[in-house]
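Where a number appears in this text, it was derived from the coordinates with a stated rule and is not lab data. This is a predicted model, so every value here is computed, not measured. Quick reminder, even Gly has a Cβ in these numbers, built from the backbone with ideal geometry, and neighbours come from all protein chains shown.
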Amino acid sequence: MPSTGRRFLSTVATVAFVAFCGVAIGGATPPAPSPTPAADVTNPVVVVYPFEVQGDLPPATGTQLAQIFMHELQSQQDITVRPLPAGVVRANYLSNAIKLGADYYISGYFTPLGDSASLVQQLVSVQTGIQVFSQTAVIQNAGDAQAQASAARARIIYLSGRDFASVDQSDAADASPTPSSDNGSSIGIGNLFGLLKHDKGNARGSGPAKIADVAKPSRIAIVPRVMGGVSAQTLAAATQQLQALLGRAYHTQYSNLETTNVAKSADAMCGTNRNATVVAGSVSQSRRGGFRPKTISTFVLTTYTCFGVPLYSTTQSADNLNDAIAAAVTAYVAKHPQNS
């Protein structure tokens, strides 16, 4: 091959080698990508509606309870709470929450139970319109209400994926968190006893006297769910009231066995604990009077042995369901102080 041709091939080979090395080196050290900006974590947005009050409570109670919830929800600055809505009916809760740009809304019911009250809270996802959390508790003061608001706050944080490490799903639903140290005083609510308009001097409404646990009879009173043709909220509240009043004189146990025939189900409720009675209740209500009719509540308390044999029965009526329950329990305790 002529020398000119050899020089040409040598030159081509050199250029190709240099080009190859340039590509290889360039591919081994690509330009560093731009850092991905951190995700914009925003607080979940919640709207709290005034709680619906039942019984003889003043309507302002529902608004005050909502304020307790709002105060607790935003206490850690990880939830954004919209201003308290006014004049929104339950049927429009979801559409109003959507308009306010909320992720969740809270509503519920507040029912008097003697010296305390039953609080039902419901947490609804605005995106789906589905209830994602519900809890019922007997409360006696603003601190108890704050504890229930704290449970709602924990569930919202969990559902928002903000703190999986510290909030367990089951714990958020079932626990009764410790209330904040101010017990509601920072929003001027104080003790909710002042909002419960009951006649403290009414012997029927007071229930049986409290007995120390060590002095209570060994026989347990098993309490199934109160039955009757009233709302589910009223039945739940009546069941809690019945067990609470029986608990003043006896050791009690709740039975979650759903039944319409307690006599036939008493054996299953007692199970292996034969040293027990089953204390069941049923509610009916009627309207009486002319120009200003009243709702009369009738409560039937019937106690059964574990074999389903009726042990005692009493029927009590009153203007207030809590008074009717208290009168029935008081009558039973007076006749059967040993629950036997």
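Below are the figures for this structure:
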| item | result |
| --- | --- |
| Separation of the Thr128 and Thr42 label points, Cα + 7 Å toward Cβ, nm | 2.1 |
| Built amide H within the under 5 Å cut-off of Gln135, gap 5+ | Gln121 |
| Fewest-first ranking of Glu72, Glu258, Glu52, using other Cβ atoms within 10 Å as the exposure measure | Glu258, Glu52, Glu72 |
| For segment 203-335: span of alpha carbons on each principal axis (Å, largest first) | 54, 31, 23 |
| Residues with amide H under 5 Å from that of Val81, placed H, sequence gap 5 or more | Val46 |
| Sequence-distant residues sharing a close amide H with Tyr312 (under 5 Å, placed H) | Thr303 |
| In sequence order, calculated HN-Hα J values of segment 235-251 (Karplus, 6.51, -1.76, 1.60; Hz; x Gly/Pro) | 5, 5, 5, 5, 5, 5, 5, 4, 5, 5, 6, 4, x, 6, 10, 10, 7 |
